[in-house]
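Notes for the one structure printed next.
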Amino acid sequence: MPLSPDQIAEIEALRATPRPTLRAVSEGMEAHLYLAHQVLDHGFVRVIDYMGDDAAIVQAARVSYGRGTKAVQNDEGLIRYLMRHWHSTPFEMCEIKLHVKLPVFVARQWIRHRTANVNEYSARYSILDREFYIPAPEQLAAQSTVNNQGRGAVLSGPEAAKVLEILKRDAAQCYDDYEAMLSQDGQQGLARELARMNLPANIYTQWYWKTDLHNLFHFLRLRADAHAQYEIRVYAEAIAACVKDWVPAAYAAFEDYRMGGVTLSGKAVEVLKRRLAGETVTQEASGMNKGEWREFTALWGES
Ligand SMILES: Cc1cc2nc3c(=O)[nH]c(=O)nc-3n(C[C@H](O)[C@H](O)[C@H](O)COP(=O)(O)OP(=O)(O)OC[C@H]3O[C@@H](n4cnc5c(N)ncnc54)[C@H](O)[C@@H]3O)c2cc1C
């Protein structure tokens, strides 16, 4: 686990001092609170705080005075209705604050999600740790031949060994140079804000990241998807596992309508209607271009 014994002791101390509260509590989320879920070789995701639960979504939707709950079944039905009809603001009533440790190149993808509040570890103020992401052998893959934004077959043999050696050597060399430039031993020592510029993008950074459930679902929809890069997808999957325990009804609706569902264009709906009526519709006759047709027919494994 990428935590020091002192950090583990701090987390345990926090978990050992529960306090009574009048606020909404999600038992599922309480089990995750403060704990670090390891991601990649040195990274993690920790839930630092959260606000609301499934009932809070229902409560906001009904603008109710109490918990808003009539019956669990009704609540689930309402949550599914809200998700189905893109009625997003009730989901914004739930908030989550995460502590994430992640490689800088993953952080660059993550930070594109603008609808969050972020506070990052300052490498102007502090010295970064000697921690670099080195992919596991099964993640060392060649450029994909079918997707310009993806990876293909796993590298093997001497090529894989050479790549790993280069990654480890360059990381070590850059960090040695970082320390040499910072050193005040017989010299002034370069400022931390400048010395960091020579570090590679696989060095780890950390941040606190706070967002609401609606925007978190949007993040998860994009980043837990098979098309997302593996290194950010594993973070999204770790977060998704916490969200599932936090708001089980909302997560089930999200899984069904967003992760498992698809959006069909008007042309696609028309083709489906014609097919259901027994007509054979080709791509040329569908009004869809080749890419649209490929994605449409791939939905049920037709090539
Ligand atoms: C598989 C994949 C590949 C990608 N490839 C690239 C790439 O090659 N190059 C690249 O640059 N990016 C790329 N991205 C990033 C992508 O374009 C988005 O920037 C990123 O996914 C964040 O999405 P978002 O803007 O919807 O999220 P958020 O920033 O969280 O915004 C959520 C929603 O809020 C609204 N919103 C937020 N801010 C504004 C605003 N200022 N004005 C208007 N509406 C706003 C929009 O409706 C937006 O959809 C990729 C993303 C994925 C998942």
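The values are calculated or read from the model by the stated rules, or taken from the named source; none is laboratory data. Please read all numbers here as calculations on a predicted model, not as lab measurements. Quick reminder, even Gly has a Cβ in these numbers, built from the backbone with ideal geometry, and neighbours come from all protein chains shown.
Which one is modelled with the highest pLDDT, of the residues in the stretch 49-93 that are surrounded by fewer than 21 Cβ atoms within 10 Å (Cβ to Cβ) and among the β-branched types (Val, Ile, Thr)?
Ranking the candidates gives Thr89 first.
Taking the stretch 198-234 as the region of interest, how many residues are among the β-branched types (Val, Ile, Thr), more than 10 Å from the ligand (Cβ to nearest atom) and part of a helix (DSSP H, G or I)?
Number of matching residues: 1.
For the stretch 137-178, give me each residue that is of a type outside the set (A, V, I, L, M, F, W, C), loosely packed, with under 13 Cβ neighbours inside 10 Å and under 30 Å from Tyr125 (Cβ atoms).
Across the stretch 137-178, the qualifying residues are Lys168, Arg169, Gln173, Asp176.
Would it be correct to say that Gln187 is among the polar types (S, T, N, Q), surrounded by fewer than 17 Cβ atoms within 10 Å (Cβ to Cβ), more than 22 Å from Val47 (Cα to Cα) and touching a residue at least 40 places away in the same chain (Cβ under 8 Å)?
So Gln187 fails the test.
Can we say Val262 is out of contact with any Gly (no Cβ under 9 Å at 6 or more places or on another chain), away from the ligand (no atom under 16 Å from the Cβ) and at pLDDT below 95?
Spelling it out, Val262 is indeed out of contact with any Gly (no Cβ under 9 Å at 6 or more places or on another chain), away from the ligand (no atom under 16 Å from the Cβ) and at pLDDT below 95.
In the stretch 123-157, what count of residues is obtained for those that are polar (S, T, N, Q) and away from the ligand (no atom under 11 Å from the Cβ)?
Counting residues in the stretch 123-157 that are polar (S, T, N, Q) and away from the ligand (no atom under 11 Å from the Cβ) gives 6.
Would you call Glu120 within 16 Å of the ligand (Cβ to nearest atom), of a type in the set (Asp, Glu) and touching a strand residue (DSSP E or B) at 6+ places or on another chain (Cβ under 7 Å)?
When the stated conditions are applied, Glu120 does not pass them.
Just to be sure before I move on: is Ala195 away from the ligand (no atom under 16 Å from the Cβ) and either surrounded by fewer than 20 Cβ atoms within 10 Å (Cβ to Cβ) or without any contact (Cβ under 8 Å) to a residue 12 or more places away in the chain (or both) in the structure I sent?
Taking the combined requirement at face value, the residue does not satisfy it.
Is at least one residue of the stretch 257-271 touching a residue at least 40 places away in the same chain (Cβ under 8 Å), of a type outside the set (A, V, I, L, M) and part of a helix (DSSP H, G or I)?
Yes, that holds for at least one residue.
Starting from the stretch 152-176, keep only residues that are closer than 12 Å to Leu140 by Cα, then list their pairs with residues that are part of a strand (DSSP E or B) and polar (S, T, N, Q) whose Cβ atoms are within a distance under 9 Å, requiring at least 6 positions of separation or different chains.
Gly152/Gln143
Quick check on my filter: what residues within the stretch 78-103 are over 13 Å from Val243 (Cβ atoms) and among the aliphatic types (A, V, I, L, M)?
Leu78, Ile79, Leu82, Met83, Met93, Val100, Leu102
For the stretch 22-43, does any single residue satisfy the condition of being modelled with pLDDT under 95, out of contact with any Asp or Glu (no Cβ under 8 Å at 6 or more places or on another chain) and away from the ligand (no atom under 16 Å from the Cβ)?
Yes, because at least one residue in the stretch 22-43 is modelled with pLDDT under 95, out of contact with any Asp or Glu (no Cβ under 8 Å at 6 or more places or on another chain) and away from the ligand (no atom under 16 Å from the Cβ).
Applying the selection to the stretch 176-203, what residues are out of contact with any Pro (no Cβ under 6 Å at 6 or more places or on another chain) and under 14 Å from Pro103 (Cβ atoms)?
Across the stretch 176-203, the qualifying residues are Leu199, Pro200, Ala201, Ile203.
Restricting to the stretch 226-281, name every residue that is over 15 Å from the mean Cα position of the chain (by Cα) and polar (S, T, N, Q).
Thr263, Ser265, Thr280
Write out, first by first residue and then by second, each pair whose Cβ atoms fall under 9 Å of each other, whose residues are 6+ apart or on separate chains, and whose first residue, in the stretch 102-125, is at pLDDT 95 or above and β-branched (Val, Ile, Thr) while the second is part of a helix (DSSP H, G or I) and surrounded by 14 or more Cβ atoms within 10 Å (Cβ to Cβ).
Cβ pairs passing all conditions: Val106/Glu231; Val106/Ile232; Val106/Tyr235; Thr115/His214; Thr115/Asn215; Thr115/His218; Thr115/Phe219; Val118/Trp110.
Only one of Ala285, Ala253, Ala240 is in the same structural domain as Ser88 (by TED's automatic domain parsing) and either free of Cβ contacts under 8 Å to residues at least 60 places away in the same chain or at positive phi (or both); which?
Matching residue, one of Ala285, Ala253, Ala240: Ala240.
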